1. Which one is nearest to A:Pro171 (Cα to Cα), of the residues in region A:282-326 that are in a loop (DSSP other than H, G, I, E, B) and touching a Pro at 6+ places or on another chain (Cβ under 6 Å)?
2. Does any residue in region A:401-412 that is in contact (Cβ under 8 Å) with a residue 12 or more places away in the chain and more than 9 Å from every other protein chain (Cβ to nearest Cβ) come within less than 7 Å, Cβ to Cβ, of a residue that is in a helix (DSSP H, G or I) and of a type in the set (A, V, I, L, M) six or more places away or on a different chain, and which pairs are these?
3. Exactly one of (1) more than 14 Å from chain A (Cβ to nearest Cβ); (2) in contact with a His (Cβ under 7 Å, 6 or more places away or on another chain) is unmet by B:Val84. Its number?
4. Quick one: how many residues across region A:161-178 are over 17 Å from A:Ala383 (Cβ atoms) and assigned to a strand (DSSP E or B)?
5. Check off (1) among the aromatic types (Phe, Trp, Tyr); (2) closer than 15 Å to A:Ala178 by Cβ; (3) within 14 Å of chain B (Cβ to nearest Cβ) for A:Tyr267 and give me the number that stays unchecked.
6. Checking A:Ala248 against (1) buried (at least 17 other Cβ atoms within 10 Å of the Cβ); (2) touching a residue at least 24 places away in the same chain (Cβ under 8 Å); (3) within 27 Å of A:Leu391 (Cβ to Cβ), which test does it fail?
7. For B:Thr226, only one of the following conditions fails: (1) hydroxyl-bearing (Ser, Thr, Tyr); (2) more than 14 Å from chain A (Cβ to nearest Cβ); (3) surrounded by 17 or more Cβ atoms within 10 Å (Cβ to Cβ). What is its number?
8. Which ranges mark the helices (runs of 4 or more DSSP H) fully within region B:26-124 that have 2 or more residues being in contact with a Lys or Arg (Cβ under 9 Å, 6 or more places away or on another chain) and in contact (Cβ under 8 Å) with a residue 24 or more places away in the chain?
Amino acid sequence: MHLFPRVGRGGLLRAAAAVVALALAGGACRENPRAASAQELAEGPWSTLVAQARGTTVIWRMWRGDPAINAYVDKWVAPRMQEQFGVEVQAVDSQGPEMVNTLVTEREARGGTAGTTSLLWINGETFAQLQQEHLLAGPWTMRLPNAALVDAASPIITRDFEQDPTGYESPWGMVQFALIYDVERTPNPPTTIPALAAWIRAHPGRFTHDQSFTGLTFLKGLMYGLGGGVERFQHGFDEARYVQGRDALFSWLQSVRPYFWREGTTYPPDVAAMHRLFANGEIDFTMSNNQNEVVTKVRQGILPPTSRAVLLDEGTIANAHYVGVPFNAPNPAGAMVLANFLLSPEAQLEKQRGEVWGDGTVLNVPALPEPWPARFADVATDAAALPYDVLAAHARPEVHPQYHTHLLDDWRRVMRADAR
Amino acid sequence: MTRRNVAPLAAVLLIASPVIVGVAYTILAALGLRGAGASELTVRHVAAALGGWDTWRGVGWTLATAAVATAVAAAAAFTVALRVQQSPLGRLLAVLPLAVPHVAAALAALLLLSQSGWVSRLTHAAGLTPTPADFPALVYDRFGVSLVLAFAWKEFAYLVLTAVAVLGTLDRASDEVARTLGASARQVFWRITWPQLWRGTSPAVIAAFAFLIGQYEMPALLAPSTPTALPLLIYERSVDPNLLRRGEAYVVALLALTLCAGLIAAHGIWRRRLPGVTR
């Protein structure tokens, strides 16, 4: 008994080649899909679009790593979308960089036919990549009735890593980077970059950063501070200025790295690992891209109750996050109704509550009709939450995504790789 | 090709087609013709991935951790299999880890072996380690201690299962002949049982080793950032913020595939040379 049928090698190879050719034939036609559909919808009346969306399902690709965010989407947004608009919302897990790969594969495999996903949660370099690959539908966002409520004066919202999101992504929330410490362990946390360096040297093995998005935002914020302020890095990518900023950052890191957790020979994979190390007392600082994460994570019991957030005086990075509609969305009408609902004052207020998610609003709150301004003011301020004016005074915008790309690459190549 | 052979050939191709298509796509993407950031035929990704020190460091580290883990698992599995082959309860206990998913085993290793894990807390309670940092770094560590242990624990069960099955098929008559001719128990084991056991289990051992080279979840939870294990490197490149570097993921994936294929081929050649082994 032979496992393989006895055929000439040529026969097997020919048959294998035929299978490959068949499978790739689908991807061979790279004609432009119905990119206009969200755009076409945006031209019609809003009521038609809402009627069209009734009875449909929206598949929404988003990062599903935080139970608080998942609960807001699944238990608060989804039932209201069903109740008010007859739209079923299904959130599925996918991070930004993976979404790009998925959409490219869908385009290669299915040419002009509809894809799987109608809404994407994105920002920054993912938005840049999606635009670079022409994977987003638009323009459509100005069609949303609630777009008029957005804080159009905020440079953080109107510029996504210096890119103009106009029409191709609709703002959803705004966050700001903060360090998290335990007031019991560290009664006087450092508030400047030099003070942080001094603290790290005085407490060997008690500080580190992760090697994912949050860690990189921390490094980028340090690069602004050590490289002469965010202004030097604004208005597009500049190689010479980048190299200067990077070198300043790396020499700072070289000087403190021997005092990092595990002497800087290894770094936690992501911010979840950072929180775990912090909560277990292995390190004294964790960090978050959301200034309010300390509030939600304390309520979830993940961080100790005495955890607090602190900002460095040199400033910390604030950015907005958005939703976009992919070029091959099967249900752009439903996606647009959902994007509009996400911008409604009630959805934005709920999202901002510390016990829900603590994600900052993108609406121009003072300009909202009564009683909304008062309600936003009432969002209970937690002992661990940073006051709004302090946050605003420290906020620094994101710069061109190429700074992000280059810094990650160089950090991995230089700082991570030459760990002794 | 005769008509009689068409049906089995079609069946084999049907089963293999996802792999064939996947490998074909991977080759095209490695050459810059498919995937995010693809534009034109280029060897840039190949040159960048194969010219990168981190790739080869990852290859060496991944091969070393997989080899040590497989060796530990095989040694433990053979020792246990020889003792539990007559005991149904013993066999059941030995194969229990099979039911635990790899990611759960990795989480368990994290909970037990990290510097703030249960073992560290026990040594702290016993007064041996005053702070978490005094407990040896076994997670995210340079030598991948917790990773090797988690790998070995999972593969151990699989190899016990195989070894018990092989031992059950052995012809015991030659043992008795050897004993009557005056061989000691040790001689019987090394001269008669071991060659047959190894011959029967070596494909499973090679399969375990090849599997560990591509295992993602366990290194993702337990491995250090440097050197970067191959599966982590592949993932890192596949989601690189620089679209132009994503093609490198496919090159590293092909490299891992080549390593496994080479290993399996070498094993096949070695087996073919064994006396009395039929293909």
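1. Out of the qualifying residues, it is A:Val325.
2. As it stands, the answer is A:Leu407/A:Leu216; A:Leu407/A:Leu219; A:Leu407/A:Met223; A:Trp411/A:Leu219, since those pairs meet every condition given.
3. Of everything listed in (1) more than 14 Å from chain A (Cβ to nearest Cβ); (2) in contact with a His (Cβ under 7 Å, 6 or more places away or on another chain), B:Val84 misses just condition (2).
4. So the count comes out to 8.
5. Tallying (1) among the aromatic types (Phe, Trp, Tyr); (2) closer than 15 Å to A:Ala178 by Cβ; (3) within 14 Å of chain B (Cβ to nearest Cβ), A:Tyr267 fails exactly one: (2).
6. (1)
7. Here B:Thr226 clears every test but (2).
8. Because the criterion is at least 2 residues that are in contact with a Lys or Arg (Cβ under 9 Å, 6 or more places away or on another chain) and in contact (Cβ under 8 Å) with a residue 24 or more places away in the chain, the helices (runs of 4 or more DSSP H) in region B:26-124 that meet it are B:44-50, B:53-84, B:102-113.
The values are calculated or read from the model by the stated rules, or taken from the named source; none is laboratory data. What you see is a predicted model, and the numbers here were worked out from it, not measured in a lab. As a convention, Cβ positions derive from the backbone with ideal geometry for all residues, glycine included, and neighbour counts pool all protein chains shown.
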